[in-house]
1. Based on DSSP H runs of at least 4 residues, each adding -39500 (n - 2.57), what is the mean residue ellipticity at 222 nm of chain B after dividing by all its residues, to the nearest 500 deg cm²/dmol?
2. Please work out whether the protein assembly as shown counts as rounded, prolate or oblate from its C-alpha gyration tensor, where a ≥ b ≥ c are the square roots of the eigenvalues and a/c under 1.5 means rounded, while otherwise a/b larger than b/c means prolate and anything else oblate?
3. Relative to the Cα centre, what is the charge dipole magnitude of chain B, using +1 at the beta carbon of each Lys and Arg, -1 at the beta carbon of each Asp and Glu, and rounding to the nearest 20 debye?
4. Looking for one value pair here: nearest-to-axis residue in chain A (by Cβ) for the rotation onto B, and the distance in whole angstrom.
5. Net charge near A:K145: determine it from the other residues with C-beta under 12 Å of the C-beta of A:K145, scoring Lys and Arg +1 and Asp and Glu -1.
6. Round to the nearest 0.05 the FRET efficiency obtained for A:D132 and B:K233 when R0 = 41 Å and r is the Cβ-Cβ distance.
7. With the crude spin-label approximation of a point 7 Å out along Cα→Cβ, what separation in nm comes out for B:K148 versus A:K3?
8. For A:G84, enumerate residues with amide H under 5 Å from its amide H, sequence gap 5+ or separate chain, H modeled in the peptide plane.
There are 2 protein chains.
Amino acid sequence: MIKEISIVGTGNLAYHFVEMISRVDGLNINEIIGRQEKIPKAFRKFELNYSSKISNTLKSDLYLILVSDDYIKDICCNLKNLNGIVSHCSGSIDIEVLKECNNYGVIYPLQTFSMNSKLDYSKIPFLLEASDKEVKNQLNEFISKISKNISFENSESRFIYHITGVIINNFTNHLIVKSQQIIKSNNLNFEFLHPLIEETIKKTELISALEAQTGPAKRNDKITIEKHIDYLKKYDVEKLYRAISDSIINTNFVEDEL
Amino acid sequence: MIKEISIVGTGNLAYHFVEMISRVDGLNINEIIGRQEKIPKAFRKFELNYSSKISNTLKSDLYLILVSDDYIKDICCNLKNLNGIVSHCSGSIDIEVLKECNNYGVIYPLQTFSMNSKLDYSKIPFLLEASDKEVKNQLNEFISKISKNISFENSESRFIYHITGVIINNFTNHLIVKSQQIIKSNNLNFEFLHPLIEETIKKTELISALEAQTGPAKRNDKITIEKHIDYLKKYDVEKLYRAISDSIINTNFVEDEL
């Protein structure tokens, strides 16, 4: 059973894992390992043992690798002789990267994490993968203390969830960034757009997004599209507007033909 | 005071205006005018007078033009000798298109409307514009029976709200369409992405979207971007992915420089 946990990494995701684990009775964070000499400020409230290098004296049931994708392989090399489960938490890295470890897995929470955003962890979908059945049982038992939304998925499926997550989260957020910039530079009030954002999302939970599509590109209304693009030139949004409009036109055209 | 209303148009927006007005005591829809010979099915439950042409015998306090942008000018020509207020409800058409009418205005609800989506009308932002002070008072009094969220905005501001509304609603919806197509063609479960969509939106109401931005493009992580694009080729999403990623890179690069 997983009780003692080591955490490698001090970013947003590490912060939220510490937060999740701290709330569960019977789980203990042995230590946290980061690159800085001292533990970053945001983590001080947890009163954890902190180290700036991976020590061989670590004895945990689970080693969570919570660093950028590029560094996962390196970290793994330092953990390969341990008996505990070594797990990375990345959407786009194959489980095979950990294959030199004795016991390994993936714990991927399909969510966006910021330091200053509070989350209901029990609703986060956790996509898990394990090197064998015993690890599978242990990861399942561990994560079920945090969330009720668990699924075992292979590396390819996880990668697809990750990419669609990038499209939905990163890209939607960027559309809001651009809209906020346009509204702000005209001294208008972004709050008028909140009910529209909420309805946009609410609708796609009731009907398919394809059915919910409206607007000039859906109608292939070239006059309105060009009028909008002409206006948007000064905000450096024209390429973005054209690319998404083209994609809407293509998608709906193909769909209508079927 | 506006009591008797004529409605020109039988689309989604007309449907919702009929729904809104029907709920208010003291307001009456005199008639609805559409292109079809008979009233469309969705409207039958309201038991309205229906006409397939604009009759000169109409006597209403308010004529709501709820047709596609391209037809507003034509409809207006048929209403120019009336004493009631003639109002269009479009985000992108200037109020000047109605200037031959005696009394005119604009009633623009900043929201997305579908036949099968129920809305809390009292929260919809209504952006109003009026030909003179008397019309302004009348429109304000009329819409305040429907929504608590009213603002008088000129045609340029309304156009900017409309464009940002297109970016936020139409474009976000399209990102969800593409994600749903990718998930579906791999027999995966789109429900795993709902908590992420909800958190994406919730976050931007707490912190600015620029602060909330995460992901490979934010980090200018070219290796991950190319890996994603390579995978997305078969879904015809690569151009879209590249355009939005480029825009994120440009936006964050410029912002970091400031």
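1. -12000 deg cm²/dmol
2. prolate
3. Dipole magnitude for chain B comes out near 840 debye.
4. Nearest Cβ to that rotation axis, in whole Å: A:A243, 2.
5. Around A:K145, the charge tally is +1.
6. For R0 = 41 Å, the calculated efficiency reads 0.75.
7. 5.4 nm
8. Correct list: A:S60.
Where a number appears in this text, it was derived from the coordinates with a stated rule and is not lab data. Everything numeric in this text was worked out from a predicted model, so none of it was measured. Heads up, the Cβs are rebuilt from the backbone with ideal geometry, glycines too, and the neighbour counts pull from every protein chain shown.
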